[in-house]
Amino acid sequence: MSIHVVKSGLQTSVQDNGRFAQMCNGIAVSGAMDSTAMQLANYLVSNPLNHPVLEITLTGPVIEFTQATSIAIVGAEFDLFLNGNLVFNEETIKVKSGDLLEFGRLNEGARAYLAIAADFNLQRLFDSSSTNLTAHFGGCLLTDNSQLQLQNYRQPPDKQLPPTFHLSFSGNYLLRCVDSVETHWFDQTTLEQFTQKKYQVQADSNRMGIRLQETGLSTAILPDKQQQVISSGLVCGSIQIPPSANPIIAGVDAQTIGGYPRIANVASVDLPILGQLKPNDKLSFYFIEQSQAVTLIRYKQKLLSQLFNNA
């Protein structure tokens with residue numbers, strides 16, 4: 001069985017938790033840009049939390065279902081219509097054969113995650129069904145008037161996310177970050193200026209990297225001394241400073257090594273926000289201690305675990 005992709009939207013791909021232990025081979029982790037939204041969507045249809053989902057970016061698809069099942073959408077908020085009737089994020093939605101799901105206007109955020117109570121009939125590559133959109137392998141990038149093969153359709157109990165777990169995206173963010181490898185190359189005055197600036201997300205941003213432009217004119221953020229950087233490992237959230245002084249934040253499809261100084265790393269607790277950044281969104285940075293970053297991610301994981309374990 002399959003679902004009929006009437007219209008694919010701007011960029012709709014299959015993503016899961018990503019590929020691990022392959023960066024040493026030059027293979028990016030990939031996976032969902034907003035892993036929290038992906039997990040919550042899977043929870044609502046009683047899937048494993050790292051089960052493949054459809055990642056929907058900026059302009060959504062039109063999908064016809066050919067089998068009764070349950071779905072859920074979490075993340076960016078679109079106007080959603082099932083057979084012309086409004087449906088909503090963050091709750092289980094039952095669909096029947098012949099039902100048509102349409103994504104309308106994008107209201108907030110950048111990426112929504114559509115979980116389906118069924119198994120994707122896709123070959124796994126390096127233990128993942130994720131689509132690497134930069135290297136063009138794995139998973140599936142949906143196209144207009146195509147079929148996506150599914151099997152083992154299910155109809156689990158209906159769920160709704162408690163208010164505590166409702167996601168909202170303002171378009172104006174303060175990202176917490178920690179020291180990185182070359183942070184010490186920047187003097188204290190420059191680091192303070194880095195946290196005082198407000199940046200705007202550029203239109204050429206993607207899953208490989210979030211490109212930023214400072215709003216207004218002021219002193220460029222550059223290393224204290226221009227030193228030759230030996231290319232070394234990047235991780236999702238690495239904030240590089242190229243010669244233009246406009247920061248680039250590495251995304252899930254980023255190259256595995258880079259040669260620009262890394263002024264900071266986005267703290268793990270805030271990495272999902274990268275998946276919701278769209279052109280013209282504003283953001284600033286704030287340094288925290290590594291110990292604070294660990295405490296914050298552990299607390300978030302504890303809250304999520306309480307929700308998932310009480311299902």
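The values are calculated or read from the model by the stated rules, or taken from the named source; none is laboratory data. Since this is a predicted model, take the numbers as computed values, not measurements. As a convention, Cβ positions derive from the backbone with ideal geometry for all residues, glycine included, and neighbour counts pool all protein chains shown.
Given (1) under 23 Å from THR190 (Cα atoms); (2) without any contact (Cβ under 8 Å) to a residue 12 or more places away in the chain, identify the lone condition not met by ASN265.
(2)
Among the residues of the range 261-286, count how many are under 21 Å from PRO223 (Cβ atoms) and crowded, with 19+ Cβ neighbours inside 10 Å.
Going through the range 261-286, the residues under 21 Å from PRO223 (Cβ atoms) turn out to be 261-266, 284-286.
From the residues that got through so far, the ones that are crowded, with 19+ Cβ neighbours inside 10 Å too are 261-266, 285.
The qualifying residues number 7.
Here are GLU90, GLU64, GLU55: which of them is surrounded by 24 or more Cβ atoms within 10 Å (Cβ to Cβ) and in contact (Cβ under 8 Å) with a residue 24 or more places away in the chain?
Details: GLU90 fails: surrounded by 24 or more Cβ atoms within 10 Å (Cβ to Cβ); GLU64 fails: surrounded by 24 or more Cβ atoms within 10 Å (Cβ to Cβ).
Result of the check over GLU90, GLU64, GLU55: GLU55.
Taking the condition touching a Lys or Arg at 6+ places or on another chain (Cβ under 8 Å), surrounded by fewer than 24 Cβ atoms within 10 Å (Cβ to Cβ) and outside the structural domain of GLY275 (by TED's automatic domain parsing), does THR69 pass?
Answer is no for this residue.
Checking ASN145 against (1) exposed (fewer than 15 other Cβ atoms within 10 Å of the Cβ); (2) touching a Lys or Arg at 6+ places or on another chain (Cβ under 7 Å): exactly one of these is not met. Which one?
(2)
Does any residue of the range 213-223 turn out to be in a strand (DSSP E or B), within 24 Å of LEU40 (Cα to Cα) and over 20 Å from the mean Cα position of the chain (by Cα)? Even if it seems obvious, please write down each step before you answer.
So the first thing to find is which residues in the range 213-223 are in a strand (DSSP E or B), and the list is 213-214.
Narrowing the set further to residues that are within 24 Å of LEU40 (Cα to Cα) leaves none.
No, the range 213-223 has no match at all.
Just to be sure I understand, how many residues within the range 242-260 are crowded, with 18+ Cβ neighbours inside 10 Å and touching a residue at least 40 places away in the same chain (Cβ under 8 Å)?
So the first thing to find is which residues in the range 242-260 are crowded, with 18+ Cβ neighbours inside 10 Å, and the list is 247-254, 256, 258, 260.
Applying the additional criterion that residues be touching a residue at least 40 places away in the same chain (Cβ under 8 Å) yields 247, 249-254, 256.
Residues flagged as crowded, with 18+ Cβ neighbours inside 10 Å and touching a residue at least 40 places away in the same chain (Cβ under 8 Å) within the range 242-260 amount to 8.
Which condition from (1) in contact with a Lys or Arg (Cβ under 8 Å, 6 or more places away or on another chain); (2) surrounded by fewer than 17 Cβ atoms within 10 Å (Cβ to Cβ); (3) in a loop (DSSP other than H, G, I, E, B) is the one that MET33 breaks?
The failed condition is (2).
Given the criteria out of contact with any Ser or Thr (no Cβ under 6 Å at 6 or more places or on another chain), of a type outside the set (Asp, Glu) and free of Cβ contacts under 8 Å to residues at least 60 places away in the same chain, does HIS166 qualify?
Working: out of contact with any Ser or Thr (no Cβ under 6 Å at 6 or more places or on another chain): yes; of a type outside the set (Asp, Glu): yes; free of Cβ contacts under 8 Å to residues at least 60 places away in the same chain: no.
Here the answer is no, as HIS166 does not meet what is asked.
Those residues that are in a strand (DSSP E or B), free of Cβ contacts under 8 Å to residues at least 60 places away in the same chain and not basic (Lys, Arg), I need them from the range 172-212; list them, please.
Within the range 172-212, just GLY209 meets the criteria.
When you look at LYS300, is it surrounded by fewer than 19 Cβ atoms within 10 Å (Cβ to Cβ), out of contact with any Phe, Trp or Tyr (no Cβ under 8 Å at 6 or more places or on another chain) and charged (D, E, K, R), yes or no?
So LYS300 fits the description; yes.
Here is a yes/no grid of residues against (1) more than 30 Å from ILE230 (Cβ to Cβ); (2) acidic (Asp, Glu); (3) at pLDDT 95 or above:
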site: LEU114; (1), (2), (3): yes, no, yes
site: ALA118; (1), (2), (3): yes, no, yes
site: PHE126; (1), (2), (3): no, no, no
site: LEU142; (1), (2), (3): yes, no, yes
site: LEU167; (1), (2), (3): yes, no, no
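What number of residues within the range 156-195 are hydrophobic (A, V, I, L, M, F, W, C) and within 30 Å of LEU304 (Cβ to Cβ)?
9
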